[in-house]
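Okay, structure first, notes after.
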Amino acid sequence: MGARLEQASTVMAAALNENPAPAPQSRAAQLAGEPACDLADSAAIHESLRQPEQFAVLYDRYAIVLHRYAGRRAGDDAADDLVAATFLAAFGARRRYDLTCASARPWLFGILTKEIARRHRTEKARLRALERAWSDRSADGLAEQVADGVTAQAARGGSPPRLRGCRQPSAASCC
């Protein structure tokens with residue numbers, strides 16, 4: 001799955017005639033005092049307001065990490081859709097991004113976490129609906145309910161509305 005994302009990232013970068021952006025700096029590199037390469041996240045978001053294709057830099061940097069996280073939380077089958085929804089939401093919300101924050105990583109993970117929660121809620125609602133639709137009620141139970149309803153209607157002195165106007169069969173008509 002990761003190879004497919006890397007390939008998509010490479011294709012996207014080639015389509016934009018850009019080199020892929022370097023990966024975010026590791027914690028060990030930060031502690032060693034190396035310059036942070038993710039300082040350009042806020043600049044990339046700011047540039048994407050004028051040139052939307054600049055947002056691809058964030059995809060190149062974070063898609064694989066977000067995909068791994070989504071895969072662990074929701075399964076590999078759903079991870080592709082969740083990462084796509086995350087970047088779509090981030091792209092739509094890029095005007096509201098706080099440009100004083102150098103790294104977009106926490107922002108993207110926050111969006112992804114909300115997408116995962118939304119997916120879990122939707123899935124739970126779908127499963128509850130299926131459970132209601134396919135409950136273990138047997139056909140016998142339903143038949144008993146109908147029979148009880150007809151019996152109660154007859155006891156009140158009338159026939160069900162659908163049967164009004166129908167003639168009762170006589171013994172003579174049977175022969």
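Things to note:
- Per-residue Cβ neighbour counts within 10 Å put ARG121, ARG61 in the sequence ARG121, ARG61, beginning with the fewest.
- Summed side-chain charge close to ARG94 - residues other than ARG94 whose Cβ falls under 15 Å, Lys, Arg +1, Asp, Glu -1: +1
No value in this document is a laboratory result; all are computed from the given coordinates. What you are looking at is a predicted structure, and each value in this text was computed from that prediction instead of being measured. Note: ideal-geometry Cβ built from the backbone for every residue, glycine included; neighbour counts use all protein chains shown.
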